[in-house]
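S.K.: Here you go, one structure.
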Amino acid sequence: MKRSITSSSWIIGCAIGVAIVFCGPSVASAAPAKDSCVACHSQLPDEYSKPAKLYPGDIHHRAGLSCADCHGGDRNDDSMNAMSPAKGFRGAPTKAQIPAFCGRCHSNPAYMRKFNPSLRTDQETEYFTSVHGKKLKQGDAKVAVCVDCHSVHDILAPSDPRAPVYPTHVAETCARCHADANYMKGYNIPTNQYALYEKSVHAAAMEGGDTSAPTCSTCHGNHGATPPGLNSVANVCGTCHVMNQELFEKSPHGPIFAKMGLPGCVQCHSNHEILAPRDSWVGTGPKAICVTCHVAGDNGYKAAKEISNGFDKLKSTYQKADTVLNTAEKSGMEVSNARVEMTNAHSDLIKARVAVHSFNAADVLKITNEGVATSQKAYEAGVAALHERDYRRKGLALALIAIVIAISGLYFKIRKMERG
Amino acid sequence: MADLKRRTLDWLNERLGGEGIEEFLRHKRVPLHRHTIWYYFGGIALFLFVIQVLTGILLLMYYRPTASGAFESVQFIMTQVKFGWLIRSIHSWSANLMIFIIFVHMFSVFFMKAYRKPRELTWVSGMLLFFLVLAFGFSGYLLPWNTLAFFATKVGTDMAGFVPIFGKWIMVFLRGGNQVTGATLTRFFGFHVAVLPGIATMLIAFHLLLVQKLGMSVPPGVERKIKAGVEPERSMPFFPNFLLRDILGWYGALGALGALAAIFPWELGTKANPFGSAPAGIHPEWYFLFMFQTLKYLPSKVFFIDGELLGLMLFGVAGAIWVVVPFLDYKAGGFGRVTRFFTGLGIFALGYIIVFSCLALL
Amino acid sequence: MTVDSSSGKSATGAGETNVDSGRRWVNLLLGTGVVATIASFIYPAIRYVIPPPVSEASNLSVVAAKVGELKNNAAKVFRFGSEPAILIHTSNGNYRAFTAVCTHLGCTVQYRADLHEIWCPCHNGKYDLHGRNVSGPPPRPLVQYQVHIQGEDIVVVRNA
């Protein structure tokens, strides 16, 4: 790092020498809004012109800030003097300096208010509570600082869909380092989180267009990114899954898990690879999670079995009713009332799945039984509709009798006529 | 009372010349022999056509020919409108029954060589009516806008696209665009309720006129026996003897229709989703199955020709030959080799249709 | 006339009266049959032509409630086609209608007078009074319907 800075400084010297020759006159003719930084840097080789070229797309540019507002120096001075420390030139910050570099404005509420009164100003403080921030303080230059996530010179508002911190990009952004096993060597943490997350329901929800779906930062925090502690896991999940958390904490598992040092939700649902839960997870079958701890004969085992039976019963009655209603609908019968009833049965199934987190068979069965009763009613309505369809045959019988009478009348008429 | 009746009839006769009709009816006779039964099928087809017109008019009162409203309106007819299910089921069943009856009518005429001189035009007009009825079936099938119909129409109109040179144009014309959309539905509706019925009515009138003018054809075998004096020449008056029997047949058809409609109500299916994937096992209506199955068996390329194109060409040529059979089989009156060849051809066609339809259903 | 004239059981007497009564009997049978069949066609046709109570061939609109039926800050779940929908009478007197099918997993939502929010009991999802998902798992806002007041009826209309 050191060497590269020194070597680059003499390149700058040469390059700027050349640049002055070229851009001197054009700067002189420039109107009041002149910016000598951009004027010179855009003529330089890639390494030195890139910021100037990127910057017009930057949110700070749109806010009316120029290079000098961050890097210091004098943008009205066309000479190399513009970059003298005397003119407040700060140059490019080292990695360790970056949080404070950004924080010069972003941690200053009075200043930020001019641009966006509702923007928070605690990011820097929060950053230093994060694992990234702490390691940076310890002199680790590999950790992420502001620009690693927000990019630099082409910084976009987090609400801009192109921004690397826009919800749909957050996971990729974190993965740039965290999924790179080589880069993460020495930290002794896994690098498969991103791959696991990609398989999760949360990633699927994000992919499905729900930008409020959780991504890395939702659980780990953004500026204060830290793995949630054992005790806070349930709270983190509970910010969205409120009912599940409440039920879980009141359940027998709540205190026991805490005492055993088991991380609540994660115990069954995993952390990054949070798959869509299956009803088969509950119960005593081969895919059931309950049986990883509970054995045949204990209360938990019995409850698991009962809950799972309740599910099966609800689902099979629901299915049965759905099939009958489908048949009825296909044959053109009106069953929309029963259909609406069925949405309630569907709600019951969803509610029962939440109620599982109480791990109390009676509570779950109360809900599933309600759903079973509703489905049963809908099923009966469907059967009644099919009966009604068949009932039409009675009307047919009457018409057929009339037709038979007419046919026999005709028959005899013909016979009579042709004989007489 | 009797006096009033006579006076009314006289009044009408004076103005309409009903005596001519009476005269005509008195003299019109229908040959009587062991094949007379086949004479009834044309009448039944006509009766079913009338049923189609009547139930079609009733359906028009509630039907909406738009992609967003078609399925719902048919559902509405079947669930909300009193006897709507019956009207729709009868319309659907009657359509299928009519096509079946027309097949029977066509083949009976073919095998009895009734197309021979001077009835060539009767045959040709009948064939045109047959194609028209298939078009009725094809366009009507889409109107409820359900999944099966949607994809069947898609495949069917795709076929039109294989026709050389004009194929693309025909397809776009049928679909009202490049894809099967609501525009196709509106178009098919127009064909089904205005264009086709108009043409069909004229053709039916022409067909019937020819039948009345030329009378019923006696099969060559019977004719020969009569000439040889082996069999007596028998006949019955058209009115009322034959007509009453005709009506008997209509009543039979009506009973069958009612029974089918009530015992097997025509299903509505699920609403078409143009962006959904085609359901497994889509197939056209049964009367197109033999063609559908043939195309399935053809390899995608035969020499340099597309399989589909080849199939279409084969059916096109076969159809054309079928239409002009009266002109090719000019010796139909006798028992020459040519005539036997055409009888064999008919048996082959009938067998082919039956076998391939059955294969498609399996 | 040349008609098969074998097989004769009835009318062997050939007496004038016999023939007459036989003919009358046949005519009666035929008449009854024809009249009955015609009646059995005409009746359904007439019933068919009379418009049904719901005269619209689609489920694009429904009378959700009567004016005055709902107090302020109250709501009602009603049937709209084959799905539940919710009509809300807000505390400042507006009527709003939404689908009552939660955008998360399809449970039926309800109105929480205490929270002034639409609430899904399954996962505690919440929507504001414009149907926007504001808390919990719902990924999308609820579809809103138009509300029209026609005389005494509050009519909810789906945007076609």
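S.K.: Applying a 10 Å radius around every beta-carbon, put B:257-266, A:205-214, C:144-153 in order of their mean neighbour count, most first.
M.R.: Details: B:257-266: 19.7, A:205-214: 17.3, C:144-153: 13.6.
The most tightly packed comes first, giving B:257-266, A:205-214, C:144-153.
S.K.: Once you place label points 7 Å from the Cα toward the Cβ at A:Q376 and A:M80, how far apart are they in nm?
M.R.: Between A:Q376 and A:M80, the label points sit 9.3 nm apart.
S.K.: Oh, and also: Enter the mean number of other protein chain beta carbons within 10 Å of the beta carbon of each residue in C:103-111, as an integer. Can you show the working numbers first?
M.R.: On the way: counts 1, 3, 5, 5, 9, 5, 1, 0, 0.
Per residue, the average neighbour count from other chains is 3.
S.K.: Place a label point 7 angstrom from the Cα of A:R120 along the Cα-to-Cβ direction, then list the residues of the range C:117-160 whose backbone nitrogen is under 19 Å away.
M.R.: Once the point is set 7 Å along Cα→Cβ of A:R120, C:135-136 turn out to lie under 19 Å by backbone N, inside the range C:117-160.
S.K.: About its Cα centre, what dipole magnitude does the protein assembly as shown give when the only charges are +1 on Lys and Arg Cβ and -1 on Asp and Glu Cβ, stated in debye to the nearest 20?
M.R.: Numbers: 90 positive and 67 negative charges, 461 e Å.
Rounded to the nearest 20 debye, it is 2220 debye.
S.K.: Residue by residue through the range A:92-105, which ³J(HN,Hα) values in whole Hz follow from phi under the Karplus form 6.51 cos²θ - 1.76 cosθ + 1.60 (θ = phi - 60°), with glycine and proline marked x?
M.R.: 7, x, 6, 4, 5, 7, 4, x, 6, 4, 6, x, 3, 9
S.K.: Shifting gears a bit: What is the Cα radius of gyration of the range B:264-362 over 2.2 N^0.38 Å, N being its residue count? Don't skip to the end; give the middle numbers.
M.R.: On the way: Rg = 18.3 Å, N = 99, 2.2 N^0.38 = 12.6 Å.
This ratio for the range B:264-362 stands at 1.45.
S.K.: Taking amide hydrogens as modeled 1.01 Å from N in the peptide plane, which residues meet the under 5 Å criterion relative to B:H35, leaving out close sequence neighbours?
M.R.: It is none; the list stays empty.
S.K.: I would also like to ask the following. Taking amide H positions as placed in the peptide plane 1.01 Å from N, state which residues far from C:G125 in sequence (5 or more) or on other chains have amide H under 5 Å from it.
M.R.: C:C120
S.K.: Over chain B, what lengths in whole Å, largest first, do the semi-axes of the equivalent ellipsoid take, defined as the square roots of 5 times the eigenvalues of the alpha-carbon gyration tensor?
M.R.: Details: eigenvalues 291, 181, 62 Å².
Semi-axes, largest first: 38, 30, 18 Å.
S.K.: With the crude spin-label approximation of a point 7 Å out along Cα→Cβ, what separation in nm comes out for B:C358 versus B:A194?
M.R.: 4.4
S.K.: Could you tell me the distance between the Cα centroids of the range A:271-318 and the range B:115-148, to the nearest Å?
M.R.: Cα centroid of the range A:271-318 versus Cα centroid of the range B:115-148: 61 Å apart.
S.K.: Indicate the gyration tensor shape class of the range B:205-246 (rounded, prolate or oblate), computed on the Cα atoms with a ≥ b ≥ c the square roots of the eigenvalues: a/c under 1.5 is rounded; otherwise a/b larger than b/c is prolate and the rest oblate. Intermediate results must be reported in sequence, preceding the final value.
M.R.: Values: a/c = 3.48, a/b = 1.58, b/c = 2.21.
Since a/c reaches 1.5 but b/c is at least a/b, the shape of the range B:205-246 is classed as oblate.
S.K.: So how do B:V133, A:V201 line up by other beta-carbon neighbours within 10 Å, fewest first? Please report the intermediate quantities before stating the final value.
M.R.: Numbers: B:V133 23, A:V201 16.
Listed from fewest to most nearby Cβ atoms, that is A:V201, B:V133.
S.K.: Just list whichever of B:K5/B:K28; A:K135/A:K185; B:K113/B:K227; A:K95/A:K134 have alpha carbons separated by over 20 Å in the model shown. Don't jump to the answer; show the numbers that get you there.
M.R.: Working: B:K5/B:K28 25 Å; A:K135/A:K185 15 Å; B:K113/B:K227 17 Å; A:K95/A:K134 14 Å.
The pairs that break the limit, which is 20 Å between Cα atoms, are B:K5/B:K28.
S.K.: Can you pull the one-decimal nm distance between simple spin-label points at C:E152 and C:D128, each 7 Å off the Cα toward Cβ?
M.R.: About 3.7 nm, to one decimal.
S.K.: So, one more: Could you name the aspartates and glutamates whose alpha carbon sits less than 13 Å from that of B:K225, not counting residues in the same chain fewer than 8 places away?
M.R.: Filter leaves B:E233.
S.K.: Chain A: percent of C-alpha pairs farther apart than 42 Å? Provide the component values of the computation, followed by the final result.
M.R.: Working: 39698 of 87990 pairs.
When every Cα pair of chain A is considered, 45 percent fall beyond 42 Å.
S.K.: Next up: I'd like the mean, over residues of C:120-128, of how many other protein chain beta carbons sit within 10 Å of each residue's own Cβ. Could the numbers behind the result be given before it?
M.R.: On the way: counts 3, 5, 10, 9, 8, 3, 1, 0, 0.
That works out to 4 on average.
S.K.: Among the lysines, which fall within straight-line cross-link reach of C:K71, defined as a Cα-Cα distance under 28 Å, with same-chain neighbours fewer than 8 residues apart omitted?
M.R.: C:K126
S.K.: Same structure again: Calculate one ³J(HN,Hα) per residue across the range C:148-159 by plugging θ = phi - 60° into the Karplus curve 6.51 cos²θ - 1.76 cosθ + 1.60, and present them in order as whole Hz with x for glycine and proline.
M.R.: 10, 9, 10, x, 8, 9, 9, 9, 9, 10, 7, 6
S.K.: Which length gain, in nm to one decimal place, applies between A:R62 and A:V404 when the Cα-Cα distance is subtracted from 0.36 nm times their residue separation? Please list the in-between numbers first.
M.R.: Details: separation 342, 0.36 × 342 = 123.12 nm, distance 8.87 nm.
So the chain would gain 114.2 nm between A:R62 and A:V404.
S.K.: Continuing with this model, one more query. Could you order the peptides A:74-80, B:196-202, B:71-77 from most to least packed, using the average number of other C-beta atoms within 10 Å per residue?
M.R.: Numbers: A:74-80: 16.3, B:196-202: 14.7, B:71-77: 23.6.
Sorting A:74-80, B:196-202, B:71-77 by mean packing, highest first, produces B:71-77, A:74-80, B:196-202.
S.K.: What are the ³J(HN,Hα) couplings of the range B:316-323, residue after residue, when phi is run through the Karplus curve with 6.51, -1.76, 1.60 and θ = phi - 60°? Round to Hz, x for glycine and proline.
M.R.: With coefficients 6.51, -1.76 and 1.60, one gets x, 5, 4, x, 5, 4, 4, 5 Hz.
S.K.: Sticking with this structure for a sec: Classify the range B:319-358 from the C-alpha gyration tensor, please: rounded if a/c falls under 1.5, else prolate or oblate depending on whether a/b exceeds b/c.
M.R.: Numbers: a/c = 4.32, a/b = 1.82, b/c = 2.37.
Cα axes put the range B:319-358 in the oblate bin.
S.K.: Which value in deg cm²/dmol, rounded to the nearest 500, describes the helix-derived mean residue ellipticity at 222 nm for chain A, given -39,500 (n - 2.57) per DSSP H run of n ≥ 4 and division by the residue count? Write down the numbers at each step before the final one.
M.R.: Values: 21 runs with 250 residues, N = 420.
Rounded to the nearest 500, the figure is -18500 deg cm²/dmol.
S.K.: So how do B:114-122, A:105-113 stack up, highest first, on mean other-Cβ count within 10 Å? Please report the intermediate quantities before stating the final value.
M.R.: Values: B:114-122: 18.0, A:105-113: 13.7.
Order by mean packing, descending: B:114-122, A:105-113.
S.K.: Can you give the FRET efficiency for A:A157 and C:K66, using 1/(1 + (r/R0)^6), R0 = 51 Å, r = Cβ-Cβ distance, to the nearest 0.05?
M.R.: Values: r = 49 Å, r/R0 = 0.96.
Result of the calculation: an efficiency of 0.55.
S.K.: Decide, for the range C:33-160, between rounded, prolate and oblate: order the square roots of the alpha carbon gyration tensor eigenvalues as a ≥ b ≥ c, take rounded if a/c falls under 1.5, and otherwise choose prolate if a/b is larger than b/c, else oblate. Could the numbers behind the result be given before it?
M.R.: Values: a/c = 3.71, a/b = 2.29, b/c = 1.62.
Prolate.
S.K.: Scale the Cα Rg of the range A:299-419 by the rule-of-thumb value 2.2 N^0.38 Å and send over the ratio, two decimals. Walk me through the intermediate numbers first.
M.R.: Numbers: Rg = 25.1 Å, N = 121, 2.2 N^0.38 = 13.6 Å.
Against the compact-globule rule of thumb, the ratio is 1.84.
S.K.: Which semi-axes, in whole Å and largest first, does the equivalent ellipsoid of the protein assembly as shown have when worked out from the alpha carbon gyration tensor as the square roots of 5 times its eigenvalues?
M.R.: Values: eigenvalues 1320, 290, 148 Å².
They are 81, 38, 27 Å, listed from largest to smallest.
S.K.: Just tell me how shielded A:48-61 is by partners: mean number of partner chain Cβ atoms within 10 Å of each residue's Cβ, no decimals. Write out the running numbers ahead of the final one.
M.R.: Numbers: counts 0, 0, 0, 0, 0, 0, 0, 0, 0, 0, 0, 0, 0, 0.
Counting other chains' Cβ atoms within 10 Å and averaging over A:48-61 gives 0.
Quick note: the coordinates plus some simple rules give every number you see, no bench work behind them. Just so it is clear, the structure is predicted and the values come from calculations on it, not from any experiment. Because the Cβ atoms are built from the backbone with ideal geometry, glycine has one as well, and the counts that use them run over all protein chains shown.
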